[in-house]
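Some notes on the structure that comes next.
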Amino acid sequence: MTRMTDPTDSLVSFQQALLDGELDLQRGALDRDLFVHQDRPQGEVRLTYARLEGKKVTALVIAVMSDPIEGLPCFQLGVAVPESHRRMGLAKSAVEAAIAEMKNGLGRNRIPTFYVEAIVGAHNEPSQHVAAAVISSAPTKVTDEVSGMPALHYARKIG
């Protein structure tokens, strides 16, 4: 089952690691203003996409492997934008660009079709708007298994 986490925590730690020079960032193949970092915390592939202004992260999209859907690989997405950059469309733009980069990269690795999903808190309206615009306009009501709180599950087949 999928879980809801707060991607803001990842934004804070990614920003610090970037400032400390600990990250090896690559420019996106399709969007040269999007940077990607791949790592394997706890052995699972994690792709982190970031928009930057110099060394300041303006939008962050995290993609981690989740349970397959219909036998296809699935990546759970999380997005975070610093408070000073919210309400500018940066989250939507970053998620769209990250999905395009994933499709391009996975396609090169003979994975032409996959799913993306997001678990969004029932009271998190800004993230609901992003997920509805980019992932699916028909979410499923769920209870988050980590917090026990009501949430919405968005899923979209890519490919």
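Quick note: the coordinates plus some simple rules give every number you see, no bench work behind them. Here the structure is a predicted model, which means the values were calculated and not measured. Cβ sites come from the backbone with ideal geometry, for glycine too, and all protein chains shown count toward neighbours.
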query: Of the GluC sites (Glu not before Pro) in the range 65-159, which ones lie in a loop per DSSP and count no more than 13 other C-beta atoms within 10 Å?
result: Glu70, Glu145
statement: Taking the dipole of the chain about the Cα centre (Lys, Arg +1; Asp, Glu -1; charges at Cβ), the one of Val134, Val12, Pro68 that reaches farthest to the positive side is Val134
query: When the helices in the chain are scored as -39500 (n - 2.57) per DSSP H run of 4 or longer and the sum is shared across all residues, what 222 nm value do you end up with, to the nearest 500 deg cm²/dmol?
result: -8500 deg cm²/dmol
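Compute the convex hull volume of the Cα atoms of the range 115-159, divide it by the residue count, and report the result per residue in Å³ as a whole number. It would help to have the intermediate numbers written out before the result.
Details: hull volume 2.8 nm³, N = 45.
Enclosed volume per residue, from the Cα hull, is 62 Å³.
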- prompt: Along the Cα-to-Cβ line of Val146, 7 Å from the Cα, sits a label point; which residues in the range 48-73 have backbone N less than 16 Å from it?
  reply: 48, 61-67
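I'd like the trypsin sites (Lys or Arg not before Pro) in the range 65-138 restricted to DSSP loop residues with at most 11 other Cβ atoms within 10 Å, sorted by number. Before the final figure, lay out each step's value.
Numbers: sites: Arg86, Arg87, Lys92, Lys103, Arg108, Arg110; in loops: Arg86, Arg87, Arg110.
Answer in residue order: Arg87, Arg110.
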- request: Let me know the charge dipole size of the range 20-159 about its Cα centre in debye, to the nearest 20, where only the beta-carbon of Lys, Arg (+1) and Asp, Glu (-1) is charged.
  value: 440
field: Projected label distance in nm at Asn109 and Ser13, using a 7 Å step from Cα toward the beta-carbon
entry: 2.1
task: Return the long-range amide H neighbours of Ile69 (sequence gap of 5 or more, or a different chain), with a cut-off of under 5 Å between placed amide H atoms.
output: Cys74
query: Where a ≥ b ≥ c are the square roots of the eigenvalues of the C-alpha gyration tensor, would you call the range 49-159 rounded, which needs a/c under 1.5, or, failing that, prolate if a/b is larger than b/c, or oblate?
result: oblate
- prompt: ³J(HN,Hα) across the range 17-33 via Karplus (A = 6.51, B = -1.76, C = 1.60, θ = phi - 60°), whole Hz, x for Gly/Pro?
  reply: 5, 5, 5, 7, x, 8, 10, 9, 9, 10, 6, x, 6, 9, 10, 6, 9
